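In what follows, a single structure is set out as structure tokens and then discussed.
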Amino acid sequence: MKVLVLNSGSSSIKYQLFDTVEKSAIARGVAERIGLRGAMLSQTDAKGERATLSGEILDHQQAIRYIIALLIDPSRGVIKDMQEVDAIGHRVVHGGEKFAKSVLIDDEVLNELHACVDLAPLHNPHNIKGIEACRQLMPGTQNVAVFDTAFHLTMPKAAYIYGIPYILYKRHGIRRYGFHGTSHYYVSRRARDLMQVKIEEVNMITCHLGNGSSITAIKGGKSIDTSMGFTPTEGLIMGTRSGDVDTAAMLHVMRREDLDSREATTLLNKHSGLVGISGISSDMREIESEAAEGNARANLAIDVMTYRLKKYIAAYSGALGKVDALIFTGGIGENSSLVRKKSVMGMENFGFKLDEAANESGAGERLISTPDSPVKIYIIPTNEELVIAFDTERVLHGEL
Ligand code: ADP
């Protein structure tokens, strides 16, 4: 089956055309700067050949028109016509409590997705734009929604209820939902394969560390706690997001700096985290290189980030009782030996014994714990598109 996987953001649409038989991408690309000057679409095929289209891309619908044009372009494309695409899988950030698994999108589901906009006003509207554009441009092709939140709906109430009046949960759905579900799901299943165990019999802690970061406690294959909450702002220190912060401190800041709720939301989501602490960048590579030059604020950003991560690893060890594997993924998790080292350093008594040489070398999926480490520590590159493509196939086959 050929599945077009779409990740529609505010000003970009990332996509992959996926062959579920070959388990590989036929093409991947991104439409960038939608609605802005200098919009561009670039696509790379399986051989690594790159094709680009530039011009005005006014909205998501036009972006998808361009994507279709490039996919079927007689000289630079990868398929003859869009009839070859069996289905479209859409990443949808927030499924609320309604969607515990991926679903076929019909009018009723689309209405439900609109109803979830209030829960994720920064993300869901763009996901919906992508879905609506596909329904209009490819009316004969089925669309499936795959939710970032779905994997975490197995969390027990003790993990998802906030310490605020319970009526706010009942009235407005204020609770912890968690995100990055497809990534945590994927790396946990890859770790199971590498360990050659049954998923029901093992407990894992998965760390997705990218521009956005979250950590999940997985018991017998099910998420029982995760660091992102009602929004992706909670939890770990991220590129531009604050992670956990005393809410009363933020209310104080709003009063002192005369910020309204929109400005405060921007401060927490765009100007905090690594960029806020370091004053340099949200990009870990830049921060690491400045830190190596002796920049104190860059070093502080790394310290705060890895200390927070270590605390979460310890907390989730407690939540799980026994941990069999710790997994690092995402741009930082896969590439930063410094972050991995600092976040498990001194946790030998918790069972985390890092093989420092393995941590510093190699590439791709690999084990980086010592042979006698009670917890196996892995690096596993994530593949959210693969999960979306396979979920789409399973939904169409009625297997989900
Ligand atoms: P996104 O969450 O947008 O998918 P990624 O998973 O690609 O982002 O992660 C981006 C982050 O990974 C950036 O902070 C980047 O600096 C970091 N990163 C990528 N390569 C390295 C590296 N070699 N060393 C340290 N950090 C890296």
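The values are calculated or read from the model by the stated rules, or taken from the named source; none is laboratory data. Because the structure is a prediction, the values reported are computed rather than measured. Cβ atoms come from the backbone with ideal geometry, glycine included; neighbour counts cover every protein chain shown. All accessible areas refer to the heavy atoms of the entire protein, side chains included, with ligands and DNA or RNA removed. Shrake-Rupley method; radii C 1.70, N 1.55, O 1.52, S 1.80 Å.
Mind checking which of His180, His94, His271 has the largest fluctuation in a GNM of the chain, springs on alpha carbons under 10 Å? In the Gaussian network model the winner is His271. Electrostatic tally near Glu200: other residues with Cβ closer than 11 Å to its Cβ, Lys and Arg +1, Asp and Glu -1, net +3.
Per residue, the accessible area of the chain comes to 46 Å² when a 1.4 Å probe rolls over the protein heavy atoms. Output the 0 to 90 degree angle, nearest 10, between the alpha-carbon long axis of helix 296-320 and the longest principal axis computed from the alpha carbons of the chain. Helix 296-320 sits roughly 90 degrees off the main axis of the chain. Shape analysis of the range 308-391 based on the Cα gyration tensor places the equivalent ellipsoid semi-axes at 21, 16, 12 Å, largest first. Relative to the longest principal axis of the Cα atoms of the chain, the long axis of helix 384-396 makes an angle of roughly 50 degrees.
Only helical runs count toward this figure. For the chain, summing -39,500 (n - 2.57) over DSSP H runs of n ≥ 4 and dividing by all residues gives -11500 deg cm²/dmol at 222 nm.
Taking amide H as placed 1.01 Å from N in the peptide plane, the amide H of Met228 sits under 5 Å from that of Phe179, Ile215, each at least 5 places away or on another chain. What separates the Cα centres of the range 48-100 and the range 132-159 is a distance of 17 Å. When Rg and Dmax are taken over the Cα atoms of the range 204-273, they come to 14.0, 47 Å.
Going through the range 165-273, which GluC sites (Glu not before Pro) have at most 15 other Cβ atoms within 10 Å and a DSSP loop state? Show your work: numbers first, answer last.
Details: sites: Glu200, Glu201, Glu234, Glu257, Glu263; in loops: Glu234, Glu257.
Passing sites in the range 165-273 are Glu257.
Could you tally up the Lys pairs in the range 103-259 with alpha carbons closer than 24 Å? Skip any pair fewer than 8 positions apart unless they're on separate chains. Could the numbers behind the result be given before it?
Numbers: Lys157/Lys170; Lys157/Lys219; Lys157/Lys222; Lys198/Lys219; Lys198/Lys222.
Final tally of qualifying lysine pairs is 5.
Counting only alpha carbon atoms, the long axis of helix 181-195 and the longest principal axis of the chain meet at about 70°.
Entry for the range 208-366 at q = 0.12, 0.14 Å⁻¹: log10 I(q)/I(0) = -0.55, -0.74, Debye formula applied to identical alpha-carbon scatterers, no solvent contribution. Along its principal axes, the chain has C-alpha extents of 58, 54, 46 angstrom, given from the largest down.
The value obtained for the range 1-69, namely the Cα convex hull volume divided by the number of residues, is 72 Å³ per residue. Each semi-axis of the equivalent ellipsoid for the range 129-197 is √(5λ) with λ an eigenvalue of the Cα gyration tensor; in descending order they amount to 29, 25, 7 Å. Let me make sure I get this right: for the range 119-253, a, b and c are the square roots of the gyration tensor eigenvalues over alpha carbons, sorted descending. Under 1.5 in a/c it's rounded, otherwise prolate if a/b > b/c, else oblate. Which is it? Cα axes put the range 119-253 in the oblate bin.
The GluC sites (Glu not before Pro) of the range 88-164 include none that meets both criteria, a DSSP state outside H, G, I, E and B (loop) and at most 12 other C-beta atoms within 10 angstrom of the site's C-beta. Select from Gly96, Gly130, Gly364 the residue whose mean-square fluctuation is largest in a Gaussian network model of the chain (Cα-Cα springs shorter than 10 Å). Its mean-square fluctuation being the largest, the pick is Gly364.
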